[in-house]
Amino acid sequence: VAALITHRIRLEESQRAYDIITGTIKESYLGILIEYPEASDNRPVCRRIELRHSDQTGDPQRAALGFIGAGNFTRSMLLPPLMKLDRRMQGLATSKPVSAKNTAKKYRFQFCTTDASEIINDKDINLVFVTSRHDSHARYVTDALRAGKGVFVEKPPALNNEELEGILEAYAESERAGNTPLLMVGYNRRFSEPIRAIQRMFGERREPLAMHYRVNAGFFPVSHWMQHPDQGGRVIGEAGHFVDVMQFLCGALPTSVYAIAPTDRARHYNNDNVLISITFADGSAGTIHYLANGANAVEKEYLEVFGASKTVRMWNFKKVECAVGRKKSRMSFSGDKGHAAEMKALINAFESGTRSPISIESLVATSQVTFAVMESIRTDRVVCLSPLTPDANKTNSVLTSTVL
């Protein structure tokens, strides 16, 4: 296209380009290039815009929030309840400058940026929210932990065992430095009123639970971003929610996983139809049917729990039925899946100096289950899991699983 270019004008003189186009300057033109200066060591490129001056003095005991990523989910489910909690919205980073500025203004952030390192390295931010694309989660979590920040990450925290191991190493490094690291993953359903009600119903049990969670997830075409190989797929990206609920209800870590994907060849489902069986350390067992081939008219989530001569059923966070013997009772709920309660629990845990509302052992086990599901589908075998925790006395953690 070189023959089409009639003008090359430096950025600082860019007004002249528009004057030529509008006819204020009478010159013949065809293609006009505006030339931007190249970045150099002595001329850094600014990727941060200060939106408002704050007279607040940073209080390390009070959360000052920094966000990496601000998609539809973040804007609709996380930022509104955090605004109601009235904590300091310090910095927001997104890859698109216009989106960063508009969202930052709406939610009263102090600054916006297109560089995630501005969030991680900002001295006033002490709680980092990682809500970007799945393939970036582990990197940002690791960097934020090493920077001494508390971290909330939307699921999944990692896409494979190597990324999970890196997170645990950073967690252990923080412990060796004398910190009490906080790492929380966005498994919000355990904070919802229906799930908490079910957990209370089985609070006095003396026997294992049998659990079934059916998820009518809906079809995603191969063009959807979550289906890209770099993003881990829907099982790793979403199924952790339902594994976490089962851990919460039975109070035990998973010990083995077996899974099949029965309709993967029919419609380019990409292992989106999965039947999962999980055993737990207390003898409980659970099945998760994650399905993309169902009808939209059916509720998205349905849960059954059996134990202690009780059967409890939940329909899409709106209705819970408890049967004891021949008697049944029902409770109605709003359909809220616990996002606001999750944010409140996170902020309270951070400001009280305690650990995450979900233990690190449970968070790690949930990721291990999702990885084991994919391994079981590939091998058609049971995958046995070994509990894993960060070890502050070691420089490396070892992830273990056995295929039977």
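The values are calculated or read from the model by the stated rules, or taken from the named source; none is laboratory data. Values in this document were obtained by computation on a predicted structure and should not be read as measured data. So basically every Cβ, Gly included, is an ideal-geometry build from the backbone, and we count neighbours across all protein chains shown. The protein model used for the area step is the full one, side chains on, heavy atoms only, and it has no ligands, DNA or RNA in it. Shrake-Rupley method; radii C 1.70, N 1.55, O 1.52, S 1.80 Å.
How about region 68-119: which trypsin sites (Lys or Arg not before Pro) there are in a DSSP loop, with at most 16 other Cβ atoms within 10 Å of their Cβ?
Answer by residue number: 108.
Under the Karplus relation 6.51 cos²θ - 1.76 cosθ + 1.60, θ = phi - 60°, what is the ordered set of whole-Hz ³J(HN,Hα) values for region 220-225, x standing for Gly and Pro?
Along region 220-225, the couplings run 10, x, 5, 6, 5, 4 Hz.
If r is the Cβ-Cβ distance from residue 21 to residue 106 and R0 is 30 Å, what FRET efficiency results, to the nearest 0.05?
On the way: r = 33 Å, r/R0 = 1.11.
For residue 21 and residue 106, the calculated efficiency is 0.35.
What FRET efficiency comes out for the pair residue 117/residue 162, r = Cβ-Cβ distance, R0 = 22 Å, nearest 0.05?
Working: r = 22 Å, r/R0 = 1.01.
Working from the Cβ atoms, E equals 0.50.
Averaged per residue, what accessible surface does region 60-202 expose to a 1.4 Å probe, in Å²? Let's see the in-between values first.
Values: 5410 Å² over 143 residues.
Dividing the accessible area of region 60-202 by its residue count gives 38 Å².
Of the trypsin sites (Lys or Arg not before Pro) in region 216-297, which ones lie in a loop per DSSP and count no more than 14 other C-beta atoms within 10 Å?
On the way: sites: 234, 265, 267; in loops: 265, 267.
Answer by residue number: 265, 267.
Counting only helical runs of four or more DSSP H residues, what would the 222 nm mean residue ellipticity of the chain come to if each run contributes -39,500 (n - 2.57) and the total is spread over all its residues? Intermediate values should be presented prior to the final figure.
Details: 11 runs with 117 residues, N = 404.
Mean residue ellipticity at 222 nm (helix-derived): -8500 deg cm²/dmol.
Are there trypsin sites (Lys or Arg not before Pro) in region 322-368 that DSSP puts in a loop and that have at most 15 other Cβ atoms within 10 Å, and which ones?
Loop-located and lightly packed - 326, 355.
Mind sorting out which of [x] 24.1, 78; [y] 21.2, 66; [z] 24.9, 91 is the real Rg and Dmax of the Cα atoms in Å computed from the coordinates?
[z]
Tally up the carbon and sulfur contribution to the accessible surface of region 263-316 as a whole percent, 1.4 Å probe, everything protein left in place. Kindly include the intermediate steps, with their values, before the conclusion.
Numbers: 1260 of 2540 Å².
Carbon plus sulfur share of accessible area: 49 percent.
Nearest 5 is fine: what % of DSSP beta bridges in the chain come out antiparallel, could you say?
Values: 45 of 76 bridges.
Around 60 percent of the beta bridges assigned by DSSP in the chain are antiparallel ones.
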